[in-house]
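Here the structure comes first, spelled out in structure tokens, and everything after it is commentary.
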2 protein chains.
Amino acid sequence: MKKLDLKRVIVGLFPILQWSVSYDSGTAVGDLIAGITVALTLIPQSIAYASLAGFEPQYGLYASLCGGFIYAILGTCPQINIGPTALLSLLTFTYTSGTNPDFAVLLCFMAGIVQLLAGVAQLGFLVDFVSLPVVSGFTSAAAITIASSQIKGLLGLKFNSESFVDTWRGVFQHIQDTRLPDTFLSLTCCIVLLGMKALKDIHIITAQDGKRRGPVLLQKCLWFAGVGRNAVVVVLAAVLAYFLHRDKNDPLILTARGRTLDATQEIVALGVSNIFGAFFLSIPVNGSFTRSAVSDASGVRSPAAGFYTSILVLLTLALLTPYFYFIPRAALAAVIVCAVLHMVDIAIVKQLWRSSRLDLIPLFGTFICCLGVGIEVGLICGVVVDMLLLLYYHSRPPLDLQFVNNNDLPPHFAIHPVGRLHFAGAETVRSKLSALTKPKDRINNALQTLKVVSTTPNSALATNCGRSEDNGVESNTVKAPNILVVYCDDVVRMDYTFLQSIKMLVAEWSKNGRVIWCNAKPLVKKQLDNVIQEPIYCESNQLRMFLTDASAVDVAVLGDTPL
Amino acid sequence: MKKLDLKRVIVGLFPILQWSVSYDSGTAVGDLIAGITVALTLIPQSIAYASLAGFEPQYGLYASLCGGFIYAILGTCPQINIGPTALLSLLTFTYTSGTNPDFAVLLCFMAGIVQLLAGVAQLGFLVDFVSLPVVSGFTSAAAITIASSQIKGLLGLKFNSESFVDTWRGVFQHIQDTRLPDTFLSLTCCIVLLGMKALKDIHIITAQDGKRRGPVLLQKCLWFAGVGRNAVVVVLAAVLAYFLHRDKNDPLILTARGRTLDATQEIVALGVSNIFGAFFLSIPVNGSFTRSAVSDASGVRSPAAGFYTSILVLLTLALLTPYFYFIPRAALAAVIVCAVLHMVDIAIVKQLWRSSRLDLIPLFGTFICCLGVGIEVGLICGVVVDMLLLLYYHSRPPLDLQFVNNNDLPPHFAIHPVGRLHFAGAETVRSKLSALTKPKDRINNALQTLKVVSTTPNSALATNCGRSEDNGVESNTVKAPNILVVYCDDVVRMDYTFLQSIKMLVAEWSKNGRVIWCNAKPLVKKQLDNVIQEPIYCESNQLRMFLTDASAVDVAVLGDTPL
């Protein structure tokens, strides 16, 4: 037994105690650059996501404030940035639409409590039960739902809509009301955003350029412009709107629906961020994959980067809040649409087609359900589809049924089940093996329906049956394979329902034959002993003896009856 | 391709065409005796079950009428008797309570349509997904629910109750209102019923008596009295009530809730019975296990027995209906309670404890849910519990992890996964195998946490590690097992999520070691090719060469670092 190491427990709870002792100026500079870079993405995004959740822009900034501080104290992964995300804002809108921001703040607090409890109870393993195709289908559908919800904003339309289908019906009904200035602004924003994003990927440094200062600086500027694109677009659009004094009615109320997954191991840090955030009027927050990627690319060194980001957010709140009024809704819609478009995962379809086609069912099942009945219900549908597929697999357990008929051993059927055997497959296995005991069908089944491997070419039986399929019936005297050898090497466990099937099966086979259990493990033997009277066990090396004994006593002569 | 054989199809649809051609007087006598015997059980039971469903006694007889005729034409199993059952009557009550019998008749018709459609669509396989422990828990809970619902009748209490908990609360609240005559009558009925049931099991024939006529006749009389006990009790109680002229208020309105399983292959015959039955005012009907057992014990020979039973039902309806008014509710309650008591399956607990303890979870889960929240919801809960258990098993796939360190081969880790590998186990397997790549923990994990089998006693590494557990660190130069051999003999398929875990795993191992895939099947190879760059495949007989190659290139010398 290890002693309870109090220091270790405290450091485990507050990782800042670990990394802060070795915090130096080099790390600080790296974190500062990363912090500022992330803030450039976080601030415009959080303003847009607050609009997505149906609230005024400053709530996005309130939500961005606490995450950085709390995560710097409790978090372990330097890259993670906690703040509003598109999915969570969409979900917040679903549950708080038509209320005031206080409800979103309460939701944030309660979400934090639930996350904290889930973290303490170590429920993170539940995430293992959501497969990647389901996650992918869900994320793609959520991105499309979010993007669709912004079509109104992009075109300057005004109507109420709740779901994906609603939105598109509304767009087509109101398409004649499209406001061209809005459309022009949003299209320009989208083009600028996508164009500036492409800046990041321009490679002007060649291998030999690596040490020349000019190109390196230019490269960094281009990358920085790419990362700061959201801020540039929002600020320019706001300045434009300020001077034009148009778009006087509330430009910020956007609508949408959505949800994200709390899948991190750091669910406690997230819970505390939400709980503390609620005291600073935060809407629910989550780790953002986009911003975490920016943080990583900016060379972040420690969670302290979150401090610097949060300080910038604080400055923005203090100095720029009065000007938020002028941010055009169309510009925010463009920011949101461009932020979520990359979440649509088309590549996975090709990957699944090549590596595991059956997984396309949960993928498209989740995707279609999410778009059709809402993303939360759709996610549950996806998990259920996955479970049904599991049941389907279990209802067809691999048996590897073979008809063994070579000169060394008496002819017999052999099966080699693997893994755990469960109720779902009990009836299939029983009826399949029971069919073999019906004398008429036995050989036909063995060689035709069940696609059995006959191991010796010169077997009289195989020849005989092969011909009987055409029409000829020969009267060669061959032994009917009334012995079933179950190779239990890889059987881990059987459940009660499967055992009862086995019991019935053995009763049927025992009328005219034998079931021999080869290489059964102690647990499996114990299970079999409880349901079968005097099961016949053997090891591989004794099999010949057991087979010869069994066939000498029991084998019927099949040549007497036409096949 | 076989030709469509019209005659065969018609005979398949109407099995009566098959067995009626060879119907002779011997068979007819057997069927007649069985038909009368079954009617003796069916008539009082159907009267009681009609009361259970909340309707007047004649509806039970209406419901018993059609089943026999229809099943004789469409059914294949001579033993089956179709009519009202306790579970189905309970369920009927749940959905038609407070309405008039027309709704029950409509329910019967609609149930028939659904059953017919399910039969045509061959949905019978769905029953495979309900495991025996769930069925057992459900049946026991239903029996207890039904019996509890009759406590009111047994004690002569009057109050409204919907659920199991309601009923017992009501009983304790109204216990002071117990009507002693009712209690006395019902207790007497119960004692008579159970006593007469015991008559069946008295064995007065010894081996040498077998051919003496007297004892044989006596034995048959006893058995017949046992089977006819319900009729005897109901008739005697009605006669008593007729003379005493008490119990004037409606004696028949009983309450309960319930459901049964449509699990037969003969779902079409059942559907048609319900559909036709509806035109004769039938409440929903089902195959009865009790009466089918009676039919079997009476020596039934063909489905024609149903004709005779139905004719007796018809006679009862025509002649005795006026006297139904006098059947005391307490007697019917006694009939119902004694009929369902045997459904409580206690023996399965012992069986599960001995053969498959984990199955106790769905058993008790279903049982408790059925009693707590109602038997329909409880059944669904049971199926969900079973699914969650399947997921739980999948989250811990058997790996059979071994640390192989004998003199023949370079030291390596070997795993032998079996069956289909799914998302639920992806993370567990990845983290378990990933832990082995952490140099510090590798050996410790291998020999302690992971309970690994070291195959050679004289291995320097094993010795070394064994001692390091105490405290000693020796500097023997031993090779770190940075090779993982995955024996794929029994891997059937991996899903996308598992493949992605494998991809990460191979990336981690490839930093300092190798993953070798041994005996992979073509499908598995194809799947691996799609996610891993240049996977290393080999067959068992090439393994030595591959291992030697890999260790010559990559192996780190572990002796340099203290364990």
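The values are calculated or read from the model by the stated rules, or taken from the named source; none is laboratory data. All figures in this text were calculated on a predicted structure; none of them were measured in a lab. Here the Cβ positions follow ideal geometry from the backbone for every residue, glycine too, while neighbour counts run over all protein chains shown.
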Quiz item: Of all residues in segment B:226-261, which are exposed (fewer than 15 other Cβ atoms within 10 Å of the Cβ) and at pLDDT 50 or above?
Solution: B:L236, B:V239, B:Y242, B:F243, B:L244, B:H245
Self-check item: Options A:L523, A:L505: the member that is at pLDDT 85 or above and under 18 Å from B:L358 (Cβ atoms)
Solution: A:L523
Practice problem: Of the conditions (1) within 14 Å of another protein chain (Cβ to nearest Cβ); (2) at pLDDT below 85; (3) buried (at least 23 other Cβ atoms within 10 Å of the Cβ), B:K152 clears all except one; give me its number. | Solution: (1)
Quiz item: Has segment B:407-416 got any residue that is of a type in the set (A, V, I, L, M, F, W, C) and free of Cβ contacts under 8 Å to residues at least 40 places away in the same chain?
Solution: no
Quiz item: Within segment B:519-542, is even one residue surrounded by fewer than 16 Cβ atoms within 10 Å (Cβ to Cβ) and of a type in the set (S, T, Y)?
Solution: yes
Quiz item: Hey, does segment B:460-472 have a residue that's at pLDDT below 85 and within 14 Å of another protein chain (Cβ to nearest Cβ)?
Solution: yes
Quiz item: Could we say that A:S475 is at pLDDT below 65, among the hydroxyl-bearing types (S, T, Y) and in the same structural domain as A:S431 (by TED's automatic domain parsing) here?
Solution: yes
Quiz item: Checking A:L91 against (1) free of Cβ contacts under 8 Å to residues at least 24 places away in the same chain; (2) surrounded by 18 or more Cβ atoms within 10 Å (Cβ to Cβ), which single condition isn't satisfied?
Solution: (1)
Quiz prompt | Count of segment B:156-184 residues which are at pLDDT 85 or above and buried (at least 21 other Cβ atoms within 10 Å of the Cβ) | solution = 0
Quiz item: Which one of the conditions (1) farther than 20 Å from B:F276 by Cα; (2) out of contact with any Phe, Trp or Tyr (no Cβ under 7 Å at 6 or more places or on another chain); (3) modelled with pLDDT of 85 or more does B:A86 fail to meet, given that it meets all the rest?
Solution: (2)
Quiz item: Failed condition for B:T27, given (1) at pLDDT 85 or above; (2) within 25 Å of B:A142 (Cβ to Cβ), with all others met?
Solution: (2)
Quiz item: Of the numbered conditions (1) farther than 30 Å from B:P15 by Cα; (2) in the same structural domain as B:A241 (by TED's automatic domain parsing); (3) crowded, with 21+ Cβ neighbours inside 10 Å, B:S310 satisfies every one except a single condition; which is it?
Solution: (1)
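Condition check ((1) free of Cβ contacts under 8 Å to residues at least 60 places away in the same chain; (2) not assigned by TED's automatic domain parsing to the domain that holds B:T94) across all residues:
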| residue | (1), (2) |
| --- | --- |
| B:D345 | no, no |
| B:V349 | yes, no |
| B:R354 | yes, no |
| B:G374 | no, yes |
Exercise. Output the residue which, of all residues in segment A:492-509 that are assigned to a helix (DSSP H, G or I) and at the interface with another protein chain (Cβ under 8 Å from one of its Cβ atoms), is surrounded by the most Cβ atoms within 10 Å (Cβ to Cβ).
Key: A:Y496
Practice problem: May I ask you to list the residues in segment A:298-332 that are within 33 Å of the chain's Cα centre (by Cα) and closer than 19 Å to A:I73 by Cα? | Solution: A:V300, A:R301, A:S302, A:P303, A:A304, A:A305, A:G306, A:F307, A:Y308, A:T309, A:S310, A:V313
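Could you say whether any residue in segment B:324-341 is assigned to a helix (DSSP H, G or I), more than 14 Å from every other protein chain (Cβ to nearest Cβ) and not hydrophobic (A, V, I, L, M, F, W, C)?
Yes; the residues of segment B:324-341 include at least one that is assigned to a helix (DSSP H, G or I), more than 14 Å from every other protein chain (Cβ to nearest Cβ) and not hydrophobic (A, V, I, L, M, F, W, C).
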Quiz item: When B:L74 is evaluated against the numbered criteria (1) at pLDDT below 85; (2) closer than 24 Å to B:V383 by Cα; (3) away from chain A (no Cβ under 14 Å), which criterion, by number, is the only one it fails?
Solution: (2)
Quiz item: Which members of segment B:269-293 meet the condition of being surrounded by 24 or more Cβ atoms within 10 Å (Cβ to Cβ) and assigned to a helix (DSSP H, G or I)?
Solution: B:A269, B:L270, B:S273, B:N274, B:G277, B:A278, B:R291
